[in-house]
Amino acid sequence: MSIFNFLLPKKKSANLAKERLQIIISHERTNNTAPDFLPQLKKELIAVIAKYMPLQEDQINIQMHRQDNHSTIEMNFVVPNADE
Amino acid sequence: MAHVIVVTSGKGGVGKTTTSAAISTGLALCGFKTVVIDFDVGLRNLDLIMGCERRVVYDFINVINKEATVKQALIKDKRCDQLFILPASQTRDKDALTTEGVKEIIDELKQEFDYIVCDSPAGIEKGAMMAMYFADSAIIVTNPEVSSVRDSDRILGILNSKSHRATLGQDSIKEHLLITRYSEARVKKGEMLSVQDIQDILAIPLLGIIPESQDVLSASNAGVPVTLFDESEAGMAYRRAIAKFIGEDKTPESFLKKQKRGLFKRMFGIGEETAR
């Protein structure tokens, strides 16, 4: 209950600032560093796969991972059996 | 070989122009032939901070448009004979800056100068992009405050992806963190992000810490770069940062000494109320 908050140790505002920054910046770094062509590449890859296999867009997962000096693109989907 | 430095931050009002003026003056005092360029086309202020606002005849855009030569547009500083200022245009907008035009001028300045300091405007628009594009080093000016730190992180991302060096796949721009308006007392009370907090987040090497100081306003009031305030803590902090930038071995011995009441304070009678 908020009326008992005065009993808790008061959080220093600088610590709060640091925590908030760490969260927002790690989120922004992953979004901002993706190349401009990534959305289009994803769309085309999905279209190619869907041409050969009966898969919906949400069944194909494509993600980009950034390492120190290179990036990888990871694509995951389950190949349905032909006889199903 | 000439070295191009961009002073940038993303956020406005953190001290980019103060820093550009202070750093370029310090480099010149150490004996390097230095030019400082104002990239804030339409909102120029470096001329005021350097105290040469009444001597502007031609500007950066005049040179890009070939209405004047680089030599005609450069303003020689009256205090340091190794220091020159290239002012921004006050009437045009930032679209007047072209990559080819900026490249041509920087290439020409490289023939004659040791250091080319580019004072970036705030934001991530054309002016800021052009200021950083040809840089070899970047000084990221950051206040110990959430919005400034976030914007600095964004600028670092842009430096690593959109600069000339990044697009050519060359060695990346050397990044230096300069924290300004720092208050040790408020950090101790837990009211302000510490140097360590900022370094943990931005993860780039620290060049210097400039304390919050009344001298910075006195300096801008007078149009004198704060580096020339011999007894000022902020001026001394800038001199230390410059010595670190160029390497102690290239720094004249007298540069880091607190001196007696300097010429400029005698002339203007300022910077005396600094707490020490």
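Here is the figure for segment A:19-63: residues that are closer than 30 Å to B:Asp200 by Cα and away from chain B (no Cβ under 14 Å) total 1.
Quick one: which residue in A:Gln67, A:Gln22 is surrounded by fewer than 12 Cβ atoms within 10 Å (Cβ to Cβ) and either within 30 Å of B:Arg154 (Cβ to Cβ) or at pLDDT 85 or above (or both)?
Checking each option against the conditions leaves just A:Gln67.
Restricting the search to strands (runs of 3 or more DSSP E) fully inside segment B:70-169 and requiring at least 3 residues that are more than 28 Å from B:Ser183 (Cα to Cα) gives B:83-86. Report yes if some residue within segment B:163-184 is facing another protein chain (nearest Cβ under 9 Å), modelled with pLDDT under 95, within 18 Å of B:Val6 (Cα to Cα) and more than 19 Å from the chain's Cα centre (by Cα); otherwise report no. Within segment B:163-184 (the criterion being facing another protein chain (nearest Cβ under 9 Å), modelled with pLDDT under 95, within 18 Å of B:Val6 (Cα to Cα) and more than 19 Å from the chain's Cα centre (by Cα)), the answer is no, since none of the residues qualifies.
B:Ala122 falls short on exactly one of the conditions (1) more than 14 Å from chain A (Cβ to nearest Cβ); (2) farther than 18 Å from B:Thr99 by Cβ; (3) crowded, with 22+ Cβ neighbours inside 10 Å, and that condition is (3). Checking each residue in segment B:193-228 for being in contact with a Lys or Arg (Cβ under 8 Å, 6 or more places away or on another chain) and acidic (Asp, Glu) picks out B:Asp197, B:Asp200, B:Glu212.
For segment B:214-236, the count of residues that are within 14 Å of another protein chain (Cβ to nearest Cβ), surrounded by fewer than 22 Cβ atoms within 10 Å (Cβ to Cβ) and touching a Pro at 6+ places or on another chain (Cβ under 9 Å) is zero.
The criterion of at least 2 residues that are over 28 Å from B:Ser254 (Cβ atoms) and touching a Ser or Thr at 6+ places or on another chain (Cβ under 7 Å) is met, among helices (runs of 4 or more DSSP H) falling completely within segment B:181-242, by B:195-202.
Counting the residues of segment B:167-195 that are surrounded by fewer than 20 Cβ atoms within 10 Å (Cβ to Cβ) and farther than 26 Å from B:Met132 by Cα gives 10.
Here B:Ile210, B:Ile155, B:Ile198, B:Ile139 are screened, and the one residue that is buried (at least 17 other Cβ atoms within 10 Å of the Cβ), more than 30 Å from B:Asp93 (Cα to Cα), within 19 Å of the chain's Cα centre (by Cα) and at pLDDT 95 or above is B:Ile210. All of B:Lys66, B:Lys76 fail the test of being free of Cβ contacts under 8 Å to residues at least 12 places away in the same chain and either under 24 Å from B:Ala22 (Cβ atoms) or touching a Leu at 6+ places or on another chain (Cβ under 6 Å) (or both), apart from B:Lys76.
Could you identify the single residue in B:Ser148, B:Ser137 that is within 14 Å of chain A (Cβ to nearest Cβ) and either of a type in the set (Gly, Ala, Ser) or without any contact (Cβ under 8 Å) to a residue 60 or more places away in the chain (or both)? Spell out how you get there, then give the answer.
Details: B:Ser137 fails: within 14 Å of chain A (Cβ to nearest Cβ).
Of B:Ser148, B:Ser137, the one residue that is within 14 Å of chain A (Cβ to nearest Cβ) and either of a type in the set (Gly, Ala, Ser) or without any contact (Cβ under 8 Å) to a residue 60 or more places away in the chain (or both) is B:Ser148.
Evaluating B:Lys66 against the criteria (1) part of a loop (DSSP other than H, G, I, E, B); (2) within 19 Å of the chain's Cα centre (by Cα); (3) basic (Lys, Arg) leaves one unmet condition, (2).
The values are calculated or read from the model by the stated rules, or taken from the named source; none is laboratory data. Because the structure is predicted, anything quoted here is derived from the model rather than measured. FYI the Cβ positions are ideal-geometry reconstructions off the backbone, even for glycines, and counts take in every protein chain you see.
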